[in-house]
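The values are calculated or read from the model by the stated rules, or taken from the named source; none is laboratory data. None of the values given here were measured: they were computed from a predicted structure. Glycine gets a Cβ as well: all are built from the backbone with ideal geometry, and neighbour counts include every protein chain shown. Accessible surface is based on the protein model in full, side chains and every heavy atom, while ligands, DNA and RNA are left aside. Shrake-Rupley method; radii C 1.70, N 1.55, O 1.52, S 1.80 Å.
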Amino acid sequence: SSSAMVMLNEDGTATLNTGAVDIGAGQHTVLAQIAAGTLGLSLDQVNYGGPDTDTSPFDFQTSASRITYTCGKAVTEAAESVRELMFEKAAQMLECDEGDLELGVGGVIGMKGVPEAKLRFADIAGYSLFVPAFDPGPISV
């Protein structure tokens, strides 16, 4: 079993962390490519944080070619979760339904058929960091 963490950074890049160790077969490159492909980013927009016993998620073992299959699946699921959250925030920002949105190349989400209505991942990250997650309603004084 494998686990992965994908985080959207303030500059619109993504950081990937797994417990997988690269034993010379390019595992880190493959995992970064999987994250990039799932998020519509270029490979240079994905930062791979190497395994760290304090902060990396669990990975059963690094052996043979299992990393691409097992850890790759975990990376895909983590990146899909990030993508879903970004679509949710982008829909709020563009005041539309999530189904009206599409993933663009290079870190953008836009409205289908409306080329000028698009947001960079950095815009979505900023919104997520600095806009309250809920509206408490009117405040009585």
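In this calculation the C-beta distance from Met93 to Arg66 is compared with R0 = 41 Å, giving a FRET efficiency of 0.55. Would you kindly find the accessible area of Thr29, with a 1.4 Å probe and non-protein molecules such as ligands, DNA and RNA excluded, rounding to the nearest 10 Å²? That residue has around 70 Å² of solvent-accessible surface. Where in segment 65-100 is the amide nitrogen less than 20 Å from a point lying 7 Å along the Cα-to-Cβ axis of Thr29? It comes to 65-73, 75-76, nothing else.
I want to make sure I understand the PRE zone here: with the label point 7 angstrom from the Cα of Leu129 toward its beta carbon, which residues in segment 71-106 have backbone N atoms less than 17 Å away? Within reach of a label on Leu129: 86, 89-90.
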